[in-house]
Amino acid sequence: MRLANKTAIITGAASGFGLGIARRFAAEGAKVAIADINEHGARVAAEEIGENALAIGCDVADGHSVAIAAAEAIDAFGRVDIAVNNAGWSHKNQPLLEVDETTFRRVIDINLMSIFHMTHAMTPHWREVGAGVMINLGSSTCIRPRPGLAWYDASKGGVNALTKSLAVELAEDKVRVCAIAPVMGETGLLETFMGMADTPKNRAKFISTIPLRRLSTPEDIANAALFLASDEASLLTGTILEVDGGRTI
């Protein structure tokens, strides 16, 4: 049990990568708060995982909502050891001038401002208890960009840079901050990233650009998150772990 007696809050955990992480953490002994704007989905996920899971409604783009969610998790568990900033969103894969300002601001609010909010919500608690771990979901697309996702890439590039900055600044508080950079995965955003219908032909075309010839899965990302959250990674901070099948090589 690699996370025995640990607790975690995971955003966007009603589905996709977040749900995979929540399941894996719980299987390894952690109590998990499933924080999602889809409150019904969060409840369904928590019921599936069992007594060690708590459903919390949370809009990660809203600082007040994040603060309430963090406080609820701390109150329920007594402390929160791990925060996983998984919730994310993207504009459709399309030429950069076709993405309007409102859409770009929403991408930034969900992908980047959410980490600002969680940092403000959790850092005082971690300073009080003497340790903490933050894991952010970045992306391989900002390491090896391709046309059509410029503004999304900008938000995830910010996630990667912020991860390193937070790691340096919070090290004296014994708070580790790492990120995972997945290749495109089998989640609800797949067609958004591809910019086309998810047909066998279109999927095969993208997969052909990945050396290991497959997309990422929630299980892949969950396994990476488990390692980074565990004591096995106690000397890792500021790390951007590329879970990408070799895509960024």
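The values are calculated or read from the model by the stated rules, or taken from the named source; none is laboratory data. Everything numeric in this text was worked out from a predicted model, so none of it was measured. All Cβ positions, even for glycine, are placed from backbone atoms using ideal geometry, and neighbour counts span all protein chains on display.
At-a-glance table
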item: Residue list for the stretch 209-222, restricted to those being at pLDDT 90 or above and either among the charged types (D, E, K, R) or loosely packed, with under 15 Cβ neighbours inside 10 Å (or both); result: Pro211, Leu212, Arg213, Arg214, Glu219, Asp220
item: Residue satisfying condition, being under 28 Å from Leu3 (Cα atoms) and either part of a helix (DSSP H, G or I) or at pLDDT below 95 (or both), within set Ile74, Ile108; result: Ile74
item: Those residues of the stretch 196-249 which are of a type outside the set (Val, Ile, Thr), part of a loop (DSSP other than H, G, I, E, B) and without any contact (Cβ under 8 Å) to a residue 24 or more places away in the chain, in sequence order; result: Ala197, Asp198, Ser208, Leu235
item: Candidates Arg106, Arg127, Arg79, filtered to the one that is closer than 18 Å to Gly157 by Cα, in contact (Cβ under 8 Å) with a residue 24 or more places away in the chain and out of contact with any Lys or Arg (no Cβ under 7 Å at 6 or more places or on another chain); result: Arg106
item: Residue in the stretch 125-149 that is nearest to Ile108 (Cα to Cα), counting only those that are surrounded by fewer than 18 Cβ atoms within 10 Å (Cβ to Cβ) and at pLDDT 95 or above; result: His125
item: Candidate set: the stretch 151-206, residues that are in contact with a Pro (Cβ under 8 Å, 6 or more places away or on another chain) and buried (at least 18 other Cβ atoms within 10 Å of the Cβ); chosen: the one modelled with the highest pLDDT; result: Asp153
item: Residue, nearest to Gly88 (Cα to Cα), within the stretch 10-62, restricted to residues that are among the polar types (S, T, N, Q) and assigned to a loop (DSSP other than H, G, I, E, B); result: Ser15
item: Criterion violated by Ser90 - all others in (1) surrounded by 24 or more Cβ atoms within 10 Å (Cβ to Cβ); (2) among the small types (Gly, Ala, Ser); (3) at pLDDT below 95 satisfied; result: (1)
item: Some residue of the stretch 105-123 being farther than 23 Å from Ala13 by Cα, loosely packed, with under 15 Cβ neighbours inside 10 Å and not hydroxyl-bearing (Ser, Thr, Tyr); result: no
item: First in the stretch 23-37 and farther than 13 Å from Glu219 by Cα, second anywhere and at pLDDT below 95 and hydrophobic (A, V, I, L, M, F, W, C), Cβ under 6 Å, 6 or more apart; result: Glu28/Met1; Gly29/Met1
